[in-house]
Every structure is written in structure tokens, then in C-alpha cells.
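> This structure is in C-alpha cells; I'll ask about it shortly.
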Amino acid sequence: MFTDERAIIEPHADLLSIALAVTGFMVFAALISQTYFGYEDRSFALENYESASLLAETLADNPILKTGSSGLLSATALDSLSDPDGFNERERLFANFSGNYRFLVEIRTEDAQCCWRIVPDNVEPEAFADGKEKVAASVPVVIELNPAQSVPGFLTVVIYKTAWM
């Protein structure tokens, strides 16, 4: 300790208070950053769920997927769209939609006996990797497997997060 006529000064007493203040600030900054990243993840899901839902409803009404005038989805049309050789059909299906959304379409029967996955051809294959962040929405549909058999199912649109989203 040093003394003079005005006061007593302890040179190391302030170090403990500064260390506690810096530690408290670092904990506060870490909490704020975790909250922000959590909000960002949830905001992607909230913003794009409505878009996925609208895309699913639009695709369920698309005449390319339908059988004649019955309003049912055609298993034959789904087979040709999900086939690697169905480039022209997929191009017509995805031509009406903006390239801002990177999405694929999955259609399956309620009992999961039949499943079709329709992926656009103008997107690189790794864009739909399993580890990517995505949001999905489904609508109920009826699928005509053959003229004598129709089964309930679901049309699901899966939107994947891109670098600009």
C-alpha cells in the first residue's frame, strides 16, 4: 500500500473487479450470440414453411400430375416424372416456379407402399444432401395407382436452405 496525504491506494484491488466485469460481459455476449443464432434458425423455418405449403398446394393442383378430369394424381405421371429419363416432364413441372427456392417434391401413399421423389434437373445433386437445413410442408392427395385402385397419400414439398436465404 502507498500512502499520501489524500488517500490510501491499493494497486491490485481494481484487477479483481475488472476481471469480474470482463467475465460477466463475455458470458452476456455468448448468451446474446446463441439467442441470435437460434432465432435465425427458427426464422428460416417460419418464413419458408408458408412458401412450402403454398408450393405443395399449387403442385397438388398441377395438371401435369393429374389423370384426366378425375382430379386424382396419376401414378403413371409420377413414374415418368421421377424416372431419370423424364427430363422434359420435370422441366415443364418446375418451369412455373422461381429459381429462388431450391426444393424437391416427394409423393407417397399413406401406407408408404409407393413413393416418388421428383428432383429438378438444374440443381447440383449435393444441394439436397441430408445434413442441409430444410423445411417441409405436406398436403393430402389421392393417387390413382390404376383405373380400379385409388389410395390416399401425401404430397410433400421440401425447401432446402441456400447461401442467400
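> Taking the highest mean first, how do the peptides 84-93, 50-59 order by number of other beta carbon atoms within 10 angstrom per residue?
On the way: 84-93: 13.5, 50-59: 17.0.
Ranked by mean Cβ neighbours within 10 Å, highest first: 50-59, 84-93.
> Now a separate question. Given labels modelled 7 Å from the Cα in the Cβ direction, how far is it in nm from ASP130 to ASN62?
Distance between label points: 2.6 nm.
> Taking the highest mean first, how do the peptides 14-25, 111-122 order by number of other beta carbon atoms within 10 angstrom per residue? List each step's numbers first, then the result.
On the way: 14-25: 9.7, 111-122: 14.0.
Final packing ranking: 111-122, 14-25.
> Moving to a separate point now. Sequence gap at least 6, Cα distance under 8 Å: using those rules, report the relative contact order of the stretch 26-158 to the nearest whole percent.
On the way: 167 pairs, mean separation 38.8, N = 133.
For the stretch 26-158, the relative contact order is 29 percent.
> Now a separate question. Calculate what fraction, in whole %, of the accessible area of the chain sits on carbon and sulfur atoms when a 1.4 Å probe is rolled over the protein chains. Please list the in-between numbers first.
Values: 6320 of 10990 Å².
Accessible surface attributable to carbon and sulfur in the chain totals 58 percent.
> Provide the gained length on full extension for the span ASN88 to ASN122, in nm with one decimal, where the gain is 0.36 nm per separating residue minus the Cα-Cα distance.
Details: separation 34, 0.36 × 34 = 12.24 nm, distance 1.20 nm.
Residue separation times 0.36 nm, minus the Cα-Cα distance, leaves 11.0 nm.
> Turning to a different aspect of this structure: So which DSSP H runs in the chain come out at 30 Å plus along the axis (Cα) with average Kyte-Doolittle of at least 0.0? Provide the component values of the computation, followed by the final result.
Working: long enough: 13-60 (71 Å, 0.70).
Helix filter hits for the chain: 13-60.
> Find how much the distance from SER33 to VAL139 grows on full extension, using 0.36 nm per residue of separation minus their present alpha carbon separation; answer in nm with one decimal.
Details: separation 106, 0.36 × 106 = 38.16 nm, distance 3.61 nm.
Gain on extension, SER33 to VAL139, equals 34.5 nm.
> I've got another one for you. Can you give the calculated 222 nm mean residue ellipticity of the chain, where each DSSP H run of n ≥ 4 adds -39,500 (n - 2.57) and the sum is split over every residue, rounded to the nearest 500 deg cm²/dmol?
Mean residue ellipticity at 222 nm (helix-derived): -13500 deg cm²/dmol.
> Something else now. Express the accessible area of the chain per residue in Å², computed with a 1.4 Å probe while the remaining protein chains stay in the model. Walk me through the intermediate numbers first.
Details: 10990 Å² over 165 residues.
So the chain comes to 67 Å² accessible per residue, rounded to a whole number.
> Take the alpha carbon atoms of the stretch 21-66, find their center, do the same for the stretch 69-127, and report the distance between the two centers in whole angstrom.
When both Cα centres are located, 25 Å separates them.
> Sorting TYR101, TYR39 by accessible area (1.4 Å probe), largest first, what list results? Kindly include the intermediate steps, with their values, before the conclusion.
Values: TYR101 80, TYR39 150 Å².
Most to least solvent-accessible, the answer reads TYR39, TYR101.
> For the pair LEU20 and SER43, how long in nm is the line joining their label points, each one 7 Å along Cα→Cβ?
Inter-label distance under the simple model: 3.6 nm.
> Semi-axes, largest first, in whole Å: what does sqrt of 5 times each Cα gyration tensor eigenvalue give for the chain?
On the way: eigenvalues 715, 45, 29 Å².
Ellipsoid half-lengths, sorted descending, are 60, 15, 12 Å.
The values are calculated or read from the model by the stated rules, or taken from the named source; none is laboratory data. Not measured: the values here are computed from a predicted model. All Cβ positions, glycine included, derive from the backbone under ideal geometry; neighbour counts span all protein chains shown. We work out accessible area using only protein heavy atoms, side chains counted, and drop any ligands, DNA or RNA first. Shrake-Rupley method; radii C 1.70, N 1.55, O 1.52, S 1.80 Å.
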